[in-house]
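The values are calculated or read from the model by the stated rules, or taken from the named source; none is laboratory data. Every value quoted in this text rests on a predicted model; they were computed, and no experiment measured them. Here Cβ is always computed from backbone atoms with ideal geometry, including for glycine, and neighbour counts include all displayed protein chains. Side chains included, ligands, DNA and RNA excluded: accessible areas come from the protein's heavy atoms. Shrake-Rupley method; radii C 1.70, N 1.55, O 1.52, S 1.80 Å.
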Amino acid sequence: MSEAFRQIGTPTRGGIVCTADHASNHVPADIDLGIPASLLDEHIAIDIGTEAIAQILAREYAIPAHIAAVSRLVCDLNREESAPGLVPEISDGHAIPGNIGADRAARLARFYRPYHSALGEWLAAAQPALILSLHSFTPRLETSDAARPWEVGVLYNRDDRAARIAIPLLEAEGLIVGDNLPYSGRDLNYTMNRHAEDEGRAYVGVELRQDLTQMPDDQARWAALLAKIAQRVASDLR
């Protein structure tokens, strides 16, 4: 593996796979972000719950996972190389002083490019029927009072084939579903733009609300539900 990613399970050609770009809050020992350690457990550092859910999907539902192994505060793997937020100097009102003047080229070479190179090779070998892009979102931003009532969001950019199937299936489970909410996949969709849309691969981007992803029982329930939904979507796409 790599310090940038790890992979769980072996893809089956034409099957379903999962990606989790923000699954880790790990900061390498030689990088000092200059922030309180407590912030590494908050949404600015990690998509809470996604690592555990991805692991369950891989181990119990035969949906292999490509999982980030470094915090988004070190290098945001779901941003374009030129994006200011790739090495964020501020996140949801919190300054990240250790990133001011950081060597972006070194972080791209060390984390970003290995992550995406390996993901590209992994997907090329698997030729999956569906990619499940897994993220989670905070119920409340510190820099905004806007309500975030959705329990799950489905994100997409130009290719909405899978999203159009997934949204009503999730609504049928009694969930409050955001259609390209709380973020729009037309704005924040780099990994899927590169590895799915540009390659003609079907995908569904999922954002889970983090107050619903923290406990092991919650993570097990989401994994079971997402596996069921993903299988239905993949079947309906054929």
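For the reader, a short list of remarks on this structure follows.
- Modelled FRET efficiency - R0 22 Å, residue 95 with residue 215, Cβ distances, 0.05 increments: 0.10
- What you get for the chain, charging only the Cβ of Lys and Arg (+1) and of Asp and Glu (-1), is a dipole of about 780 debye around the Cα centre.
- Carbon and sulfur %, accessible surface of the range 97-160 computed with the full protein complex present, 1.4 Å: 52 percent
- Near the amide H of residue 91, within less than 5 Å, lie the amide hydrogens of 96, all on another chain or at least 5 residues away, with H placed in the peptide plane.
- The distance linking the range 1-74 with the range 124-143 is 11 Å (Cα centroid to Cα centroid, whole angstrom).
- Kyte-Doolittle mean at least -0.5 and Cα axial length at least 18 Å: DSSP H helices in the chain: 113-126, 216-237
- Estimated translational diffusion coefficient (Stokes-Einstein, Kirkwood radius over Cα pairs, 25 °C, 0.890 mPa s) of the range 17-150: 155 µm² per second.
- For the chain, the residue among 174, 189, 226 whose Cα projects farthest onto the positive side of the dipole built from Cβ charges is 226.
- Looking at the range 1-80, the accessible area is 38 square angstrom per residue; that uses a 1.4 Å probe and ignores ligands, DNA and RNA.
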